[in-house]
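Computed from the coordinates by the stated procedures, all read-outs in this text should not be read as laboratory data. As the structure is a computational prediction, the values presented were derived from the model and not from experiment. Note that we place each Cβ from the backbone using ideal geometry, even for glycine, and neighbour counts take in every protein chain shown.
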């Protein structure tokens, strides 16, 4: 059955982008969303939380500072504690 939907532009763009990312047609994605909604469940197309990227420390020049292991950080802190105790 055909129907017409009036969607806000930002929602339409998000729908179109998601359909492209998942490699499905928009009508297939919408049908899955509607079916999931009618069944009250969270199916395959339920939103998954988006994780923010971890921050990257940079020098004043803009060059990234390489990551340090926990062991290296512990050694640095131990050395600072030993130096502060003198």
> Mind checking the log10 I(q)/I(0) for the chain at q = 0.14, 0.26 Å⁻¹? Debye, one equal scatterer per Cα, no solvent, two decimals.
Replying inline: -0.70, -1.34
> At residue 80 and residue 14, where each label point lies 7 Å from the Cα along Cα→Cβ, what is the point-to-point distance in nanometres?
Replying inline: 4.1
>> How far apart, in nanometres, would the label points at residue 60 and residue 38 be if each is projected 7 angstrom from Cα along the Cα-to-Cβ direction?
In response: 6.4
> Does anyone have the angle between helix 9-22 and the longest principal axis of the chain? Alpha-carbon axes, 0 to 90°, nearest 10?
Replying inline: 80
